[in-house]
Amino acid sequence: MTQDLLYELKETTAFLTINREPRRNAISREMIAAFMGYLDRFDEDPEVRAVCITSAGDKVFCSGADLAGTLAGEEDDRLAGPRSYAALLKKMAGFGKPLVARVNGVCIAGGLGLMLSCDIAIARNDVYFATPEVNVGIFPMMVGALLYRHMGRKKAMEMALTGRRIPAPEAERIGLITRAVNPDQLDQEIQETLRLLTSKSPIGMRIGKEAFRVMSDMAFDEAVDYLCTALGRAISTEDAAEGMTAFMEKREPRFKGR
């Protein structure tokens, strides 16, 4: 769709690579449009069971919006870029298949939104994360909705108000990422994570992801009742029957996504 975002299918995993290394892998409008198109395509493709998002090079995963392009425009059109970015975050939140971020470099500003919108984020332990928008007189607005859902309020506000760089080991401790690993172990960790994800029932994970997303803002009693109903949908699938049969027969299940 655009050279700003490269696509490759390896077995049952789709890899999307942010390909703007000379621009510190900044987000362009063309990249956002490509992301949206690919996610729609992957959601309908039964061959794709997981999506891994990474970037070119080994210095910057994503530096956020390309200010010269994404935020440029007339005064009444300055939110066109941010609105498309917000739409992408919402699409990623509702995506029915596992999203994995391979964080192979610094991740800041709007790049945090892409990373946090993934279900699992594995990062090199020598990178850092930051929301430096405050340094140029603005604030991590849409990213803030994700920060609040991954971290405590005090940590989220510290990031937003100070722009302090959070090293990857600290990011793991405070819930910003799933895991920080040695640089030479990153690809092995990603490969093993994707192996585990793509071996599971696609329909079971789709139902589960949707259920967790919907219940996240519910009161406890309502959430438990809603999840009980969702369990009913999950155990009614062919994959659930196959999984339980395989367990009883002491063999690996053969999931078909139905």
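Between D184 and D40, what length comes free when the chain is fully extended (0.36 nm per residue of separation minus the Cα-Cα distance, one decimal in nm)?
The D184-D40 span can extend by a further 48.6 nm.
With a 10 Å Cβ neighbour count serving as the proxy for reagent exposure, in which order, fewest first, do E21, E133 appear?
Ranking E21, E133 by Cβ neighbours within 10 Å, fewest first, gives E21, E133.
What ratio of Cα Rg to 2.2 N^0.38 Å holds for the chain?
Relative to the rule-of-thumb radius for its length, the chain sits at 1.05.
Mark the label point 7 Å from the Cα of D58 along Cα→Cβ and return the residues of the stretch 183-206 whose backbone N is within less than 12 Å of it.
183-187
Tell me whether the stretch 98-140 comes out rounded, prolate or oblate; compute the Cα gyration tensor, take square roots of the eigenvalues as a ≥ b ≥ c, and use a/c under 1.5 as the rounded threshold.
oblate
Quick one: V103, V224, fewest Cβ neighbours within 10 Å first, how do they rank?
Going from least to most buried by this count: V224, V103.
Would you mind checking the pairs K10/K91; K10/K256; K10/K97; K91/K200; K10/K250 and listing those with alpha carbons more than 25 angstrom apart?
Details: K10/K91 23 Å; K10/K256 19 Å; K10/K97 16 Å; K91/K200 22 Å; K10/K250 29 Å.
As for pairs spanning more than 25 Å Cα to Cα, those are K10/K250.
Would you mind ranking I120, I207 by Cβ crowding within 10 Å, fewest neighbours first?
Ranked by crowding around the Cβ, least crowded first: I120, I207.
If the chain between I235 and R165 were fully stretched, how many nm would it gain, using 0.36 nm times the residue separation less the Cα-Cα distance?
Gain on stretching I235 to R165: 20.8 nm.
For the pair E252 and A219, what calculated FRET efficiency results from E = 1/(1 + (r/R0)^6), where r is the Cβ-Cβ distance and R0 = 25 Å, to the nearest 0.05?
The pair A219/E252 has a calculated efficiency of 0.05.
We did not get these values from a lab; they are worked out from the coordinates using the rules stated. Keep in mind the model is a prediction, meaning the values are calculated, not measured. Please note: Cβ atoms are built from the backbone with ideal geometry, for glycine as well, and neighbour counts cover all protein chains shown.
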